[in-house]
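**Q** Can you keep this structure in mind? I'll have questions shortly.
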Amino acid sequence: MTIKRRLYGMAGIALIFVASVSLSGYWGISSVQKTTTQVAAIGIAIRNHIEAGMYKEMTREDIDAMCMKKGQDQQDAIANWATHSKLLVDRDSAARAATSDPALKATLDGEGKLVEEYQNAGDSLSKDLVSDPPAAVAQAGHTVELFTALQQEFQDSGDQLEAGAKQAELSAGKKGSRATRITFAICGLSLLLLMAGSFTLVRTISQSLNRLTLMIRDIAQGEGDVTKRLIIAGAFANDELGEVSCLFNIFMDKLQELLRGVVGHTFVLG
C-alpha cells in the first residue's frame with residue numbers, strides 16, 4: 001500500500017467517522033424533537049380539556065337557571081346554555097385533535113360522544129321548557145344524569161392526560177440523554193481511532209524515511225563506492241519511497257557503467 005493510499009484511506013476513515021457523528025446527532029435531535037412535540041401536543045390537549053371542563057360547569061349552572069327561572073331570565077339561561085354547550089363541544093374536540101397517543105385519543109373519543117349526547121339532551125330540555133313543560137321534567141333528570149356521568153368521564157380523562165404528559169416528558173428526557181451519550185461515545189471512539197491511525201501512519205512513514213536517509217548518507221559520505229545500492233525491502237518496498245530507491249539504484253547502475261567506460265578509455269589512452 002502506497003503512502004498516498006494510506007493518506008487517502010485515513011481521510012476516508014475520518015469522513016466516515018464525521019458522517020457517523022453527524023447521523024447520530026441528527027438522530028438524537030429528531031428523537032428529542034419528536035418527543036418534545038408530543039409533550040407540547042399533550043400540553044395543548046390538557047389546556048383545551050381544562051377549558052372544556054370550565055364550560056361544562058357553566059352548562060350545569062345554565063340547566064339550573066333554565067329550570068328555576070321564568071320569562072326573560074329563562075330565555076337568557078337558554079341562550080347561555082347554547083353558547084356554553086357549543087364552547088364545551090369545541091374545546092373537547094380541540095383536545096382530541098391535539099392528542100396523537102392512541103390510548104388517550106380513544107378515551108377522549110368516548111368522552112366526546114358523551115359530550116355530544118349531553119349537548120343534545122340539554123338542547124331538547126331547552127325546547128321542552130318552552131313548548132312542553134311537563135315533558136321537560138323527565139328530560140331535566142336525564143340531562144342531569146348525563147352531566148354526572150360526564151363529570152366522572154372528565155375526571156378520568158384528565159388524570160390520563162396528566163399521566164400521559166408525565167410519561168412523554170420522561171421519555172423525552174431519556175431519549176435526549178441516550179442521544180447525548182451515543183454522540184459522545186462515537187466522538188470519543190472516532191478521536192481515539194484517528195489518533196491511533198495517524199500515529200501509526202506517521203511512525204511508519206518516519207521510520208521508512210529515516211532508513212532511506214541513513215542508506216543514502218552512507219553512500220554519500222563513503223569513499224565513492226558506486227557499487228553500493230539501496231536495500232528495497234521492508235515497510236517501503238512497494239510505496240513511493242521504494243520507487244525512489246529503485247530510481248536511485250538505476251541511476252547508480254548507469255553511473256557505474258559510465259565510470260567503467262571512462263576508466264577503460266583512460267587505460268587505452270595510457
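**Q** How large is ³J(HN,Hα), in whole Hz, for each residue of the range 202-212 in order, when computed from phi with the Karplus curve 6.51 cos²θ - 1.76 cosθ + 1.60 and θ = phi - 60°, using x for Gly and Pro?
**A** 5, 5, 5, 5, 4, 5, 5, 5, 4, 5, 5
**Q** Got a sec to turn the phi values of the range 246-256 into Karplus ³J(HN,Hα) couplings, 6.51 cos²θ - 1.76 cosθ + 1.60 with θ = phi - 60°, whole Hz, x for Gly and Pro?
**A** Here the 3J(HN,Hα) series is 4, 4, 5, 5, 4, 4, 5, 4, 5, 5, 5 Hz.
**Q** Also, quick follow-up: State which entries of LYS56/LYS127; LYS86/LYS113; LYS105/LYS174; LYS69/LYS127; LYS70/LYS127; LYS113/LYS166 exceed 18 angstrom in Cα-Cα distance in the structure shown.
**A** Listed pairs above 18 Å: LYS56/LYS127; LYS105/LYS174; LYS113/LYS166.
**Q** Between helix 71-98 and the chain, what is the angle of the helix's C-alpha long axis to the longest principal axis, kept within 0 to 90° and rounded to the nearest 10?
**A** Rounded to the nearest ten degrees, it is 20.
**Q** List the extent of the Cα atoms of the range 54-183 along each of their three principal axes, largest first, rounded to whole Å.
**A** Computed over the Cα atoms, the extents are 71, 22, 18 Å.
**Q** Identify the trypsin sites (Lys or Arg not before Pro) of the range 1-109 meeting these criteria: DSSP loop state and at most 12 other C-beta atoms within 10 Å of the C-beta.
**A** LYS70
**Q** So what is the relative contact order of the chain, in percent, for Cα pairs below 8 Å that sit 6 or more residues apart?
**A** 25
**Q** While we're on this one: What list of ³J(HN,Hα) couplings, whole Hz, do you get for the range 116-127 from phi and the Karplus terms 6.51, -1.76, 1.60, once you set θ to phi - 60° and write x for glycine and proline?
**A** 5, 5, 5, 5, 4, 5, x, 5, 5, 4, 4, 6
**Q** Taking a ≥ b ≥ c as the square roots of the Cα gyration tensor eigenvalues, with a/c under 1.5 meaning rounded and otherwise prolate when a/b beats b/c, else oblate, which class fits the range 20-119?
**A** prolate
Just so you know, all these numbers are worked out from the coordinates, no wet-lab data involved. All values derive from a computational prediction rather than experimental measurement. Quick reminder, even Gly has a Cβ in these numbers, built from the backbone with ideal geometry, and neighbours come from all protein chains shown.
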